[in-house]
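Step one of this worksheet: look at the structure below.
The values are calculated or read from the model by the stated rules, or taken from the named source; none is laboratory data. No experiment lies behind these values; they were computed from the predicted model shown. All Cβ positions, glycine included, derive from the backbone under ideal geometry; neighbour counts span all protein chains shown.
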Amino acid sequence: MEKATLTIGEQVIELPVIIGTEGEKDIDIQQLRAKTGFITYDPGYGNTGSCSSAITFIDGEVGILRYRGIPIEQFDRPNPDFIEVVFLVIFGHLPTRNELSEFKNMLRENEHLHESMKHHFEGFPPYAPPMASLSAMINAMSCFHPELLKLDEEGSFEEASARLISKIRTIAAYSYRHSKGLPLMYPQPDYEYCANFLHMMFSLPNKPYKASKEIEDAMNLIFLLHADHEQNCSTSTVRMVGSSQANLFASCASGVCALWGPLHGGANLAVIEMLEEIHKGGLSPEKCIEMAKDKDSKFRLMGFGHRVYKNYDPRARILKKACDKVLDKLGIKDPLLDIARKLEELALKDSYFVERKLYPNVDFYSGIIMRAIGIPTEMFPVMFSIGRLPGWIAQWKEQNEMPGAKISRPRQIYIGETIHNYIPIEDRK
Ligand code: ACO
């Protein structure tokens, strides 16, 4: 086995080297502190492998993303099916016809919310951020399905994941309907996953909504492109919470919270806000680029840059193409798309972005497609959560099944005051 040699002063130690199936090289430092007294320092974990995983492979330098070994581009098909990808990501293989239809039946059986759970929505004010309602309701599922909190019995994991995957879209649609004061629409059992979600979002009791094929395909594509992305912020959060053996619902609810921030799942919303500001004339594309480069300004070019991709994000490449196709088919001319293209053109020839290898990420074009579908901007991070849920579930399962799994507990370098004595309040100045 290959070893790495580390010299610290007089001490020389050997550390095991681990090579992944795609040739990624890691130095195993688990024994470092015990042998040397040193720990490693890596704020933001940019250089830390927190686990080994067989779910998703990314080569950010080249712009490669694969689910269970299959390149992401191969899911951009004439009839994209998010549920097929959900099955692949969670259970590790492409489903047979039978497996897929059985899994879809399970989703159908689980699409309703417990009637008492629906009352929770009434407790939220109409202006409640949808991500707050979503995480609260996913966590609340722990109260309604205590039998699924311990997933030791065969089949209970499959049932818990089907419940989550199915109910997240019902919860998402209901939180939107509640915020608008609209009646909650029951799911339609004969609709496919995305069509059913869009029905619950947009149907009225006297005016049913049935998504067109173009819209249903676009929704499937957006969800499946978000299905997993290895150890990103929300997934690491799910693993961190799950490492204490917290249940699947609680762990996934924490993933929603992590995804909420503008540097992660909130970026798709921030992109549209930025493009709208440019459109309204408050900002020009050139000014936007200048502000993004200015270190005194807090402004960033939203939808650009990625911790792992130092090349074009392959999901953004697919969505850029899909954007043209969907808007064209729906006969929509969105000025925000022209602005996005202009920003991309300016950024890709600007030395600031070129030197830092900042390219469009998945959020740069997804919001424009979602606008065309009619999804309100405040729901964008919720869409991301629905798409990412299979990844969270798969990673939680993988961690749970890993022999010798440990609770996640990083260390720190203490930089506070050194020891000094307690002063009684009457003696303090
Ligand atoms: N606009 C302007 N400058 C940027 C941007 C940006 N969008 N992104 C990175 N930079 C600059 C940084 O200022 C830094 O410059 P410096 O070296 O002169 O200090 C350099 O590029 C490296 O950036 P970091 O912040 O160190 O990169 P990090 O890996 O920590 O951050 C992140 C990645 C958070 C995605 C960042 O690129 C960003 O904030 N982008 C905008 C928000 C966004 O689109 N988020 C979605 C990410 S994808 C996802 O979650 C699905």
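One table, with the values for the structure above:
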item	result
Out of TYR176, TYR209, sole residue that is part of a helix (DSSP H, G or I) and either in contact with a Leu (Cβ under 7 Å, 6 or more places away or on another chain) or under 20 Å from ALA128 (Cα atoms) (or both)	TYR176
Pairs, first more than 15 Å from PRO376 (Cα to Cα) in the stretch 262-279, second more than 7 Å from the ligand (Cβ to nearest atom) and not in a helix (DSSP H, G or I), C-beta under 6 Å, six or more apart	GLU277/LEU283
Number of positions in the stretch 262-289 that are more than 9 Å from the ligand (Cβ to nearest atom) and closer than 19 Å to ILE168 by Cβ	1
Unique match (being out of contact with any Cys (no Cβ under 6 Å at 6 or more places or on another chain) and on the phi > 0 side of the Ramachandran plot) among GLY387, GLY367, GLY374	GLY374
Selection count where residues are outside any loop (DSSP other than H, G, I, E, B) and either within 12 Å of the ligand (Cβ to nearest atom) or of a type in the set (Asp, Glu) (or both), scope the stretch 41-57	3
Of residues in the stretch 8-40 being of a type in the set (Lys, Arg) and either surrounded by 12 or more Cβ atoms within 10 Å (Cβ to Cβ) or in contact (Cβ under 8 Å) with a residue 12 or more places away in the chain (or both), the one farthest from the ligand (Cβ to nearest atom)	LYS35
Any pair with Cβ under 7 angstrom, 6 or more apart, that starts in the stretch 42-68 at a residue that is closer than 20 Å to GLN399 by Cα and of a type in the set (Gly, Ala, Ser) and ends at one that is assigned to a loop (DSSP other than H, G, I, E, B) and modelled with pLDDT of 95 or more	SER50/GLN231; SER53/GLU230
Tally, over the stretch 389-425, of residues that are under 30 Å from ARG163 (Cα atoms) and either in contact with a His (Cβ under 8 Å, 6 or more places away or on another chain) or assigned to a helix (DSSP H, G or I) (or both)	13
Members of the stretch 222-253 found to be in a helix (DSSP H, G or I), in contact with a Leu (Cβ under 8 Å, 6 or more places away or on another chain) and within 16 Å of the ligand (Cβ to nearest atom), listed by number	ILE222, LEU225, CYS233, SER234
LEU343 vs. criteria hydrophobic (A, V, I, L, M, F, W, C), more than 16 Å from the ligand (Cβ to nearest atom) and farther than 30 Å from SER243 by Cβ	no
Qualifying residue in the stretch 358-375 (condition: acidic (Asp, Glu), within 12 Å of the ligand (Cβ to nearest atom) and modelled with pLDDT of 95 or more)	no
Matching residues in the stretch 21-54 - criterion: being under 28 Å from the mean Cα position of the chain (by Cα) and among the aliphatic types (A, V, I, L, M)	ILE27, ALA54
Residue in the stretch 290-302 that is near the ligand (Cβ under 9 Å from one of its atoms), within 24 Å of the chain's Cα centre (by Cα) and under 16 Å from ILE386 (Cβ atoms) present	no
Pair list, Cβ under 7 Å, 6 or more apart: the stretch 294-311 residue closer than 19 Å to ILE58 by Cα, other residue within 8 Å of the ligand (Cβ to nearest atom) and not hydrophobic (A, V, I, L, M, F, W, C)	GLY303/ASN361; GLY303/ASP363; PHE304/ASN361; GLY305/ASN361; HIS306/ASP313; HIS306/ASN361; ARG307/GLY46; TYR309/ASN361
Test: residue in the stretch 347-357 that is within 30 Å of PRO126 (Cα to Cα) and away from the ligand (no atom under 13 Å from the Cβ)	no
Residue match in the stretch 310-331 (condition: modelled with pLDDT of 90 or more, within 8 Å of the ligand (Cβ to nearest atom) and surrounded by 16 or more Cβ atoms within 10 Å (Cβ to Cβ))	yes
Breaking point among (1) within 14 Å of the ligand (Cβ to nearest atom); (2) at pLDDT 95 or above, for ILE413	(1)
